[in-house]
Every structure is written in structure tokens, then in C-alpha cells.
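*Asks:* One structure, pasted below without further comment.
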Amino acid sequence: MKRLEGKVVVITGGNSGVGAATAKLFAKEGASVVISARRVSALEEVANEIKAEGGKVLCVPTDISNPEACENLINETIKEFSKIDVLVNNAGVLDTGLKAINKFLDEDLDRVIDINQKGTMYCIRAALNKMIEAQSGSIINVASVAGYNGGGGAAYVSSKAAIIGITKHTALRTAASHIRCNAVCPGNILTPMTSNMDYSSMDMEMFQQMGAHTDLKNCPSCKAEDVANVLLFFASDESKPITGQVMVCDFGANL
């Protein structure tokens, strides 16, 4: 259908999981995709798959916790494709063991905030400098149901709740410039990041409390492709009137 024909899309965390699925889908829909992550070899694997299908892709290795690196990501995008239409802030990390507010680790808090919150804000700032000039753009932040309802480790919850807040702030500040900003909050999702969690360090009390309010038995987990489809809607002109919104996608598990 080519719903993104002619658009240039930057996707952080494009080396695996939701980011990789989104890059592949967007390329099939006609977008030129720029994928970033810290692991170069994994980025190149995704890029090779996209190129094999005839898609346009640029790899820009980036540590989004570094503001200069985020500026470089956008500059390289402009150098290659002359514009940026869509930014998907997908890169993120988990905390250790879902530790609650009275147990979180200081080093966890610093690491999670640096990447999840600061990294998202750095990328938005860099992209907006170009989008405001063009008076057009769509920013999509991948938050989490944890930031929406508080169910998760304190460090992770705080970072994802911050992303929801900055989504609303960005939408408010840029609506007059015809720039949209929305957040997608996946629930339980099957990705390499979640499957590699260290359950030996899990705060079981927190885990049990989450389970008491989450119907994972009757509601399936999201796949990366499920989330990518939602991101496609927000990236396309079909969602043109929508900004400042937060959409939970979890098959109803957290209702």
C-alpha cells in the first residue's frame, strides 16, 4: 500500500525487537529508514535484510545517552536524505529485577534514566530543530504500560512515565508547527530484551503484584510486529489529526 512513500524515518533501537520489526515494515511501506543502536553488527544485519527486499536504509551507530551522538544521528539523516519526517524513539533498557521504590538500585536509576528518558529527550530536541524548519513531522515515543499504570520496577516506571509527560509537552509546544507527538505503551511483549531478563534477581513481591492486576492468562502477549503496526499508523498521514495521545496496546491485559 506504500503508506509511507517518500517519508524519511529515524528509528532508535533499530537493531532488534520492536525497532527492527518497525524498520522492516516501514521500508516495505515506502519509507527511507535510518536505524540506530550501539551494536553495529546487529544494525547491519537488519539493514541487509531491508536492502535484500529493495528498501532504503542507513545505519548510524548511536549511543542515545550522549546528546552529541543524537545530534549526529539527525545530521547524518539530513546529509543522506535531506529531511526527517518521522522520529520513532524506541531505544530503551530495563532495570534489574523489577525492584520497587524502596529497593531500587542507584546505578540502575542512572542507567535507565540516561537512556530511556534523557535519550528520548535528546533525540526529540535534535529532530525538532529540523522539523520546525519544515513545519511538519511526526514523533512517536515507545513508552510502556508500566509508565501508564505504575506496574514495574521503580526506575523503569519513572523513565516511561517521564516519556508520557514529555510526549504531551512536545505535542502542546509544536502543534502550531504542524508537528505531532504521540506515545505508544506496549504491555507484556516478546522481544530479546524481555526474554533475556535475569529472573534470579527478580523482586518477586513486585512481580506478584503486577500479576494480580494483569490478565496475562487470557490475553496474549504482544509481538514486535503488533507494536510496529501501531507505530505505522502514527507515522502515516492516516493519524494526521492525532497528537498528544497515549495508546496502550496490550490485548486488554491491563484493563
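*Asks:* Could the peptides 130-136, 93-99 be put in order, highest first, of the mean number of other beta-carbon atoms found within 10 Å of their residues? Write out the running numbers ahead of the final one.
*Replies:* Details: 130-136: 15.4, 93-99: 21.6.
Ranked from most to least packed, the peptides come out as 93-99, 130-136.
*Asks:* In the Gaussian network model of the chain, springs joining C-alpha atoms below 10 Å, which of 52, 69, 154 carries the largest mean-square fluctuation?
*Replies:* 52
*Asks:* Under 23 Å Cα to Cα from residue 7, which lysines show up? Leave out anything in the same chain fewer than 8 places away.
*Replies:* The reachable lysines, counting only those whose Cα sits under 23 Å from residue 7, are 24, 28, 51, 56, 79, 83, 130, 240.
*Asks:* Right, next: Test of the criteria: in region 1-40, which trypsin sites (Lys or Arg not before Pro) are in a DSSP loop and have at most 15 other Cβ atoms within 10 angstrom of their Cβ?
*Replies:* Details: sites: 2, 3, 7, 24, 28, 38, 39; in loops: 2, 3, 7, 38, 39.
Those that pass, being in a loop and sparsely packed, are 2, 39.
*Asks:* Let me ask something else about it. Please report, for the Cα atoms of region 60-109, the Rg to one decimal and the Dmax as a whole number; what are they, in angstrom?
*Replies:* Cα only, region 60-109: 15.9, 48 Å (Rg, Dmax).
*Asks:* May I ask for the angle, rounded to the nearest 10°, between helix 67-81 and the longest principal axis of the chain, with both axes built from Cα atoms and the value confined to 0 to 90°?
*Replies:* 40
*Asks:* If you don't mind, another one. Once phi is turned into θ = phi - 60°, what whole-Hz ³J(HN,Hα) does the Karplus curve with 6.51, -1.76 and 1.60 give for every residue of region 166-177, x standing for Gly and Pro?
*Replies:* Result, ordered by residue: 6, 4, 5, 4, 5, 4, 4, 6, 10, 4, 5, 9 Hz.
*Asks:* Write down, largest first, the equivalent ellipsoid semi-axes of region 127-193 in whole Å, where each equals the square root of 5 times an eigenvalue of the alpha-carbon gyration tensor. Spell out each step's value before the answer.
*Replies:* Details: eigenvalues 143, 30, 15 Å².
They are 27, 12, 9 Å, listed from largest to smallest.
*Asks:* Now, a different point. Return the loop-located GluC sites (Glu not before Pro) in region 1-102 (DSSP other than H, G, I, E, B) with at most 14 other Cβ atoms within 10 Å of their own Cβ; answer none if there are none. Could you put the intermediate results ahead of the total?
*Replies:* Working: sites: 5, 29, 44, 45, 49, 53, 68, 71, 76, 80; in loops: 5, 29, 53.
Filter output for region 1-102: 5, 53.
*Asks:* What angle do you read, to the nearest 10 degrees and between 0 and 90, between the alpha-carbon axis of helix 119-134 and the longest principal axis of the chain?
*Replies:* 30
*Asks:* Sticking with this structure for a sec: By what distance, in whole Å, do the Cα atoms of region 96-159 stretch along each of the three principal axes, largest value first?
*Replies:* Result, largest extent first: 46, 23, 13 Å.
*Asks:* Efficiency by 1/(1 + (r/R0)^6): what FRET value for residue 247 and residue 178, r their Cβ-Cβ distance, R0 = 30 Å, to the nearest 0.05?
*Replies:* On the way: r = 21 Å, r/R0 = 0.69.
Calculated transfer efficiency: 0.90.
Here, each number is a calculation from the coordinates, and none is a lab measurement. On a predicted model such as this, the values are computed, not experimentally measured, just so you know. Cβ sites come from the backbone with ideal geometry, for glycine too, and all protein chains shown count toward neighbours.
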